[in-house]
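Data first, discussion second: the structure below is written as structure tokens.
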Amino acid sequence: MKKYIYYALVVVLAVTALSSCKEKALDPDSIITVGSKTQNDFDKWLENNYVNPYNILVKYRYEMNESDYNYYTIPADMDCSIILAHLVKYLCIDSYDEVAGVDFTRQYFPKMFFYIGEWEYRNNGTFILGTAEGGKKILLSGVNYIPLVLQGGYQGHTDVSEALNHFYIKTIHHEFTHILNQTKDFPSDFSQVTPTGYVTDSWSTPEYANNFERGFISTYAQHSDREDFAEMMSIYVTNSQETWDNWMTRAGASASLIRTKLDIVKNYMLNTFGIDLDQLRATVLRRQSEVVSGMVDLTSLEIN
Amino acid sequence: MKKIFSILLTAAVSVFVFSSCVKDDEEVFEKSASVRLSEALTTAQKVLTGASNGWAMYYYPDPDQSYGGYMYTMKFTDTEVTVASELFDEAYTSLYKMTTDNGPVLSFDTNNYAFHYFATPSGSSRNLYGESGLYQAYKGDFEFMILSATADEVVLKGKRTGNTIKMVPLSGDMQAYAKDVAAMAEAVFVSTFNGTIGSDEAEVYLDLSSRWAYIELKGEKYADAEDGSAESAYMFTEKGIKLYKPVTVGPYEIDELVWDGDKQSLVSPSGSAVAVNLVGSLPEGWHPYNDFLGKWSLLCFDGAYTHKGVEIVEDIKGKSYLIKGLSDQFDVKATYNLGSGQISINVQTVGNNGTYDVLMCAWDSNAGYITWNTAIGMSGKFVAPSEGAEEDGSTIQWSDNGVWGSYTVDAFYLFFFQGSTRISASSAPWVFNQTFRPKNQYYIWGWQKMIRE
């Protein structure tokens, strides 16, 4: 008997529980508000040259959430950001458009750039030029040095196109290669060419300063196969055949290792993405020399 | 068993019953958090743009305020901010935004050469301010939480430092005010003050380089008292100095002191509850920055003691010098200590030859020891010519700076370094000029004094 009473009680209570609440009408206003922003001329230029054609966002204004609090850094200067946005567009985006078609650029080119004014300095004297995250975001640092770099001689880099590549543009090609690799991994043969040469974080020590003789195109390429691949690709497309040949001479017997790796990179780009690396290089170099000779207006915010 | 089960079930269901319909769900605030946040930002921005002459900002970098405070003045439009400061002659304009990433936040989000100075780091090569080796900069903030904003005062909190940064509206021109403060910072060159605070004898020491004030009450009753002394970062205003926050020393609260240039003294501001009168005295041998500039003969040992020409020129005005003529390849950096009124040369990196860093190390040539600790070096005291002397004869008398313990710096030695590893003595062109040391140009020894040319 007691048992039934209990069950009955439970049922009654349950009914009460489920029926007792009236639904309250929802507040017609969202609790989330969106701030309004006024666009300046640069914002409009970016919308016209980055957002509309490629859906790429350039964050030239500092945002805490995009930055890395492990470093002390500063916002980018707006005038310098304008120049850099023109450079990235002319040297990278337009190059890929020209060689691989606009659809390729739209599909693979990173969707967000974040600019900061200074380099990200480590306490060991080295500094970070750029980073890529998740195939979507590229951080470019040292933006405030653009005028000095273009002037020539910054940190001993007298050749302006070499300096532009060293500090900014090579970084973009390098990080973009990572993004392509994340989309479609590179063949494992690549890692087997110099399998014992990778030294991770020791790459910057004096012991590994002879990168060419060790079969690597740069000191950083000795970090790992992934970095090696990105270095091969980005350094190849931003340097002339003459420079490359000089390096091969320096590499001596190890030149064949670098050549083997280059062939794998070329095949990967051609077979996976239909890009002829030599054609890409010709395009990049042509555009580079146009920038250095002053044929490209890097500050105009006119919208065509 | 079943009974227990039933009881538990009943209990569980009852919990639902009695808790499901709490009727007192009235909101604490009338509007949602998001609406209130955006209203706070709108109000704050109105306050910021509303000050017709702009604002004075009492800015302190570094979580421990180790560098003291600096005055910024600024004026806001809807999108831009123009910043002047006591450090730079010009005013600079950049963008700012009001954002919500950490409560209501004011962010100086594009570079402003004046405002971002304390946040700008540097590596081994010089940054745009000519500084190097500061990979964490001065830990200065450029993003601030807005704690309160009224037309009379805006209180901010630095996002990384947590420092309280106050802003007050200006009554006159913002650039003129910044210049007044800069002039005050230059005018106060005395660091030791003696006199009275209230009815007690007191001594105040200002560390003029790091902008810290040390206040001590004298007299027996404060001898063992914990509250007999206080210290605080300070900054300059147009009237004198202002502490980071008011400090309590003995029964007195000190916040601001007014500089009296004629008497070289610090006094309490008018209307202050505590009467302060402190008279400054210079340390013996103190000389102003400019006295060290110019052409000098360095007396050093190159087989026999001889005089060789060098020139001391301005590097950062009031702070550092470059000594030219020691080498064709590089200048040697020297610093000016405002407190002691002396010049100093420490161990330093003078350049990089493409492979190695070139360090000018300190050498005790008698003991035969070398150090590359950058705190070690020599300091130079300006000695005015004695009256009636025949020649001009001003000299800088150099001696060990006392940091190296039992060793005494009397020479400088150039070495190639790779990271922190010493490779070898330097070689041409990374050497001193032949005149200083005809044979082994990688060192200068018997460094004694400089005589005005």
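The values are calculated or read from the model by the stated rules, or taken from the named source; none is laboratory data. Treat the numbers as computed from the prediction; the structure is a model and nothing was measured. Backbone-built Cβ (ideal geometry, glycine too); neighbour counts: all protein chains shown.
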Selection from region B:346-375 of residues that are part of a loop (DSSP other than H, G, I, E, B) and not β-branched (Val, Ile, Thr) | B:Asn353, B:Gly354, B:Tyr356, B:Ser365, B:Asn366, B:Ala367, B:Gly368, B:Trp372, B:Asn373, B:Ala375
Do we find a residue being among the acidic types (Asp, Glu) and buried (at least 18 other Cβ atoms within 10 Å of the Cβ) anywhere in region B:409-423?
-> yes
Return the residue satisfying two criteria in turn: it lies in region B:248-260 and is under 17 Å from B:Gly228 (Cβ atoms) and surrounded by fewer than 18 Cβ atoms within 10 Å (Cβ to Cβ), and of such residues it is farthest from the chain's Cα centre (by Cα).
-> B:Pro251
Picking from A:Ile93, A:Ile82, the residue that is within 13 Å of chain B (Cβ to nearest Cβ) and among the aliphatic types (A, V, I, L, M) would be A:Ile82
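Which residues, taken from region B:330-345, are of a type outside the set (Val, Ile, Thr) and in a strand (DSSP E or B)? Quick ask: steps written out before the conclusion?
As a first pass, look at region B:330-345 and keep what is of a type outside the set (Val, Ile, Thr): B:330-331, B:333-334, B:336-342, B:344.
The answer is B:Lys333, B:Ala334, B:Tyr336, B:Asn337, B:Gln342, B:Ser344.
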Considering residues of region A:106-121 that are out of contact with any Pro (no Cβ under 9 Å at 6 or more places or on another chain) and touching a residue at least 24 places away in the same chain (Cβ under 8 Å) only, the residue nearest to A:Glu66 (Cα to Cα) | A:Phe114
Do any residues in region B:85-106 that are under 29 Å from B:Ile316 (Cβ atoms) and more than 14 Å from chain A (Cβ to nearest Cβ) have Cβ atoms under 6 Å from those of residues that are assigned to a strand (DSSP E or B) and among the hydrophobic types (A, V, I, L, M, F, W, C), where the two are at least six apart or on different chains, and which pairs are they?
-> B:Glu86/B:Met71; B:Ala91/B:Ala84
B:Phe108 being of a type in the set (Phe, Trp, Tyr), modelled with pLDDT under 95, under 25 Å from the mean Cα position of the chain (by Cα) and within 30 Å of A:Asp41 (Cβ to Cβ) | no
Test: B:Trp398 is touching a Gly at 6+ places or on another chain (Cβ under 6 Å) and of a type in the set (Phe, Trp, Tyr) | yes
State the number of residues belonging to region A:189-210 that are touching a residue at least 60 places away in the same chain (Cβ under 8 Å) and assigned to a loop (DSSP other than H, G, I, E, B).
-> 1
Find all pairs meeting these conditions: Cβ atoms under 6 angstrom apart; at least six residues apart or on different chains; first residue within region B:327-341 and closer than 25 Å to B:Ser281 by Cα; second residue among the β-branched types (Val, Ile, Thr).
-> B:Tyr336/B:Ile343
Which residues, taken from region A:200-214, are of a type in the set (D, E, K, R) and surrounded by 13 or more Cβ atoms within 10 Å (Cβ to Cβ)?
-> A:Glu213, A:Arg214
Look through region B:290-335, keep the residues that are in contact with a strand residue (DSSP E or B) (Cβ under 7 Å, 6 or more places away or on another chain) and β-branched (Val, Ile, Thr), and return whichever of them is nearest to B:Gln448 (Cα to Cα).
-> B:Val310
Considering every residue within region B:191-201, establish whether at least one is within 17 Å of the chain's Cα centre (by Cα), assigned to a loop (DSSP other than H, G, I, E, B) and surrounded by 20 or more Cβ atoms within 10 Å (Cβ to Cβ).
-> yes
Selection over region A:38-79 where residues are under 17 Å from the mean Cα position of the chain (by Cα), more than 8 Å from chain B (Cβ to nearest Cβ) and of a type outside the set (A, V, I, L, M) yields a count of 7
Is it the case that some residue within region A:165-188 is under 28 Å from A:Asp79 (Cβ atoms), surrounded by fewer than 21 Cβ atoms within 10 Å (Cβ to Cβ), within 14 Å of chain B (Cβ to nearest Cβ) and touching a residue at least 40 places away in the same chain (Cβ under 8 Å)?
-> no
Helices (runs of 4 or more DSSP H) completely within region A:211-304 that count 3 or more residues being without any contact (Cβ under 8 Å) to a residue 24 or more places away in the chain = A:241-251, A:255-273, A:277-292
Write out, first by first residue and then by second, each pair whose Cβ atoms fall under 7 Å of each other, whose residues are 6+ apart or on separate chains, and whose first residue, in region B:43-72, is hydroxyl-bearing (Ser, Thr, Tyr) while the second is surrounded by fewer than 21 Cβ atoms within 10 Å (Cβ to Cβ) and not in a strand (DSSP E or B).
-> B:Thr49/B:Thr77; B:Thr49/B:Asp78; B:Ser66/B:Ser210; B:Tyr67/B:Tyr138; B:Tyr67/B:Ser210; B:Tyr70/B:Leu87
Residues located in region A:99-149, provided they are within 14 Å of chain B (Cβ to nearest Cβ), over 21 Å from A:Glu231 (Cβ atoms) and either in a strand (DSSP E or B) or modelled with pLDDT of 85 or more (or both) = A:Phe114, A:Tyr115, A:Ile116, A:Gly117, A:Glu118, A:Tyr121, A:Val143, A:Asn144, A:Tyr145, A:Ile146, A:Pro147, A:Leu148
In region B:202-240, what residues are surrounded by fewer than 16 Cβ atoms within 10 Å (Cβ to Cβ), hydroxyl-bearing (Ser, Thr, Tyr) and touching a residue at least 24 places away in the same chain (Cβ under 8 Å)?
-> B:Ser210
Counted residues in region B:277-309 being at pLDDT below 90, farther than 17 Å from B:Ser399 by Cα and hydrophobic (A, V, I, L, M, F, W, C) come to 2
Is it the case that region B:49-71 has a residue that's within 24 Å of A:Glu63 (Cβ to Cβ), within 14 Å of chain A (Cβ to nearest Cβ) and either among the small types (Gly, Ala, Ser) or in contact with a Cys (Cβ under 7 Å, 6 or more places away or on another chain) (or both)?
-> no
Can you name the condition, by its number, that B:Asp141 falls short on among (1) among the charged types (D, E, K, R); (2) more than 9 Å from every other protein chain (Cβ to nearest Cβ); (3) in contact with a helix residue (DSSP H, G or I) (Cβ under 6 Å, 6 or more places away or on another chain)?
-> (3)
Does region B:248-256 contain any residue that is within 30 Å of B:Gln434 (Cα to Cα) and not charged (D, E, K, R)?
-> no
Could you list, in sequence order, the residues of region B:11-62 that are at pLDDT below 85 and aromatic (Phe, Trp, Tyr)?
-> B:Phe16, B:Phe18, B:Phe29
Of the numbered conditions (1) more than 21 Å from B:Leu293 (Cβ to Cβ); (2) surrounded by fewer than 20 Cβ atoms within 10 Å (Cβ to Cβ), B:Arg452 fails exactly one; give the number of that condition.
-> (1)
In region A:241-275, what count of residues is obtained for those that are closer than 21 Å to A:Asp94 by Cα and loosely packed, with under 15 Cβ neighbours inside 10 Å?
-> 2
